[in-house]
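The values are calculated or read from the model by the stated rules, or taken from the named source; none is laboratory data. What you are looking at is a predicted structure, and each value in this text was computed from that prediction instead of being measured. Positions of Cβ are generated from backbone atoms using ideal geometry, with glycine treated the same way; all protein chains shown enter the neighbour counts. Protein only, heavy atoms only, side chains kept; ligands, DNA and RNA dropped before computing areas. Shrake-Rupley method; radii C 1.70, N 1.55, O 1.52, S 1.80 Å.
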Amino acid sequence: MKNHLTERREEADLSQGDLAAAVDVTRQTINAIERERYDPSLELAFKLAAFFECHIEDLFDPNLEIELECE
């Protein structure tokens, strides 16, 4: 999943380890999310958004294509 976690983390002048400790995960988890190799759980996505005081959608872009049917 595309994300803006690296940019947010760097703007806050945090290492991956600092952010990981703040949201109670490993540095490897933060690295995997930033490299788009791991999609965070909903709980972790909420923790990250709360930490950065933003909406989940500001951090993660699932690029969902939703088809709407009109009646």
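Of all residues in the range 1-50, those that are part of a helix (DSSP H, G or I) and open to solvent by 100 Å² or more (accessible area, probe 1.4 Å) total 7. Restricting the search to the range 51-64, which residues are open to solvent by 80 Å² or more (accessible area, probe 1.4 Å) and at negative phi? Across the range 51-64, the qualifying residues are Phe51, His55, Glu57, Leu64. Taking each residue of the range 28-39 that is touching a residue at least 12 places away in the same chain (Cβ under 8 Å) and looking for partners that are of a type in the set (S, T, N, Q) with beta-carbon atoms closer than 6 Å, six or more apart or interchain, yields Ile30/Gln16; Asn31/Gln16; Glu34/Thr6.
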